[in-house]
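Shown next, in structure tokens, is the structure this report addresses.
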Amino acid sequence: MARLFLDANVLFSAAYRSDTGLLKLSKLREVVLCSSRYALEEARINLNHEVQRNRLVRLVGNVQLFDAGKHELPEGVSLPEKDVPILLAAIEARATHLLTGDLRHFGSYFGKRVEGILVLPLGEYLRRYRD
């Protein structure tokens, strides 16, 4: 069973537009969607319209939420302070994948495993793992 951790920008995109890849994820078999309260709040505060915020609430109804554990960043991993809670929450969630569109901060980890978590953009995950 895949445990997919959704970064704030994936949640934001799903709430911003109703036709995003997150809807496709929710239809995949043997997938558990995870995120964090931190990511959810980051997505929420960046949405400008109430209809988008309401869509976000509906979308995360079946998403398991985790908080960053008391871990330290794995050796050799360098992230800006604002992204550290994302990776730590993914570790806490025992995620198999971290799905993010954050090329600037996570791009050097795309296609690589960090603490056993494969970091990918959402579109790449969907291309690789369609049912």
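Between a residue in region 3-25 that is buried (at least 17 other Cβ atoms within 10 Å of the Cβ) and modelled with pLDDT of 90 or more and any residue that is among the charged types (D, E, K, R) and outside any loop (DSSP other than H, G, I, E, B), which pairs come within a Cβ distance under 7 Å, given they are 6 or more apart or on different chains?
If the second residue must be among the charged types (D, E, K, R) and outside any loop (DSSP other than H, G, I, E, B), the pairs left are ALA8/GLU42.
Determine, yes or no, whether LEU88 is among the aliphatic types (A, V, I, L, M), more than 19 Å from ARG130 (Cα to Cα), out of contact with any helix residue (DSSP H, G or I) (no Cβ under 8 Å at 6 or more places or on another chain) and modelled with pLDDT of 90 or more. Please lay out each step first, then the result.
Numbers: among the aliphatic types (A, V, I, L, M): yes; more than 19 Å from ARG130 (Cα to Cα): yes; out of contact with any helix residue (DSSP H, G or I) (no Cβ under 8 Å at 6 or more places or on another chain): yes; modelled with pLDDT of 90 or more: yes.
Taking the combined requirement at face value, the residue satisfies it.
Do we have LEU99 as under 15 Å from LEU126 (Cβ atoms) and of a type outside the set (Ser, Thr, Tyr) here?
Details: under 15 Å from LEU126 (Cβ atoms): yes; of a type outside the set (Ser, Thr, Tyr): yes.
Criteria met by LEU99.
Yes or no, residue by residue, for (1) over 28 Å from ARG17 (Cβ atoms); (2) of a type outside the set (S, T, N, Q); (3) surrounded by 18 or more Cβ atoms within 10 Å (Cβ to Cβ):
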site: ARG53; (1), (2), (3): no, yes, no
site: LEU59; (1), (2), (3): no, yes, yes
site: ARG94; (1), (2), (3): yes, yes, no
site: LEU103; (1), (2), (3): no, yes, no
site: GLY111; (1), (2), (3): no, yes, no
site: GLY116; (1), (2), (3): yes, yes, no
site: LEU120; (1), (2), (3): no, yes, yes
site: GLY123; (1), (2), (3): no, yes, no
site: ARG130; (1), (2), (3): no, yes, no
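I want to confirm something. Restricting to region 47-79 and keeping residues that are within 17 Å of LEU122 (Cβ to Cβ) and either of a type outside the set (A, V, I, L, M, F, W, C) or part of a helix (DSSP H, G or I) (or both), which single residue is farthest from the chain's Cα centre (by Cα)?
Filtering region 47-79 down to residues within 17 Å of LEU122 (Cβ to Cβ) leaves 55-56, 59-60, 62-63.
Filter once more, keeping what is either of a type outside the set (A, V, I, L, M, F, W, C) or part of a helix (DSSP H, G or I) (or both): 55-56, 59-60, 62.
Details: ARG55: 17, LEU56: 13, LEU59: 13, VAL60: 11, ASN62: 14 Å.
Applying the filter and picking the extreme gives ARG55.
Can you tell me which of ALA39, ALA43 is without any contact (Cβ under 8 Å) to a residue 40 or more places away in the chain, hydrophobic (A, V, I, L, M, F, W, C) and within 17 Å of ASN9 (Cβ to Cβ)? Steps first, please.
Working: ALA39 fails: without any contact (Cβ under 8 Å) to a residue 40 or more places away in the chain.
Only one candidate passes the filter, namely ALA43.
Search region 71-84 for residues that are surrounded by 11 or more Cβ atoms within 10 Å (Cβ to Cβ) and pair each with any residue that is in a loop (DSSP other than H, G, I, E, B) when their beta-carbon atoms are under 6 Å apart and the residues are at least 6 apart or on different chains.
Final answer for the pair search is PRO74/GLU115.
The values are calculated or read from the model by the stated rules, or taken from the named source; none is laboratory data. This is a predicted model, so every value here is computed, not measured. Quick reminder, even Gly has a Cβ in these numbers, built from the backbone with ideal geometry, and neighbours come from all protein chains shown.
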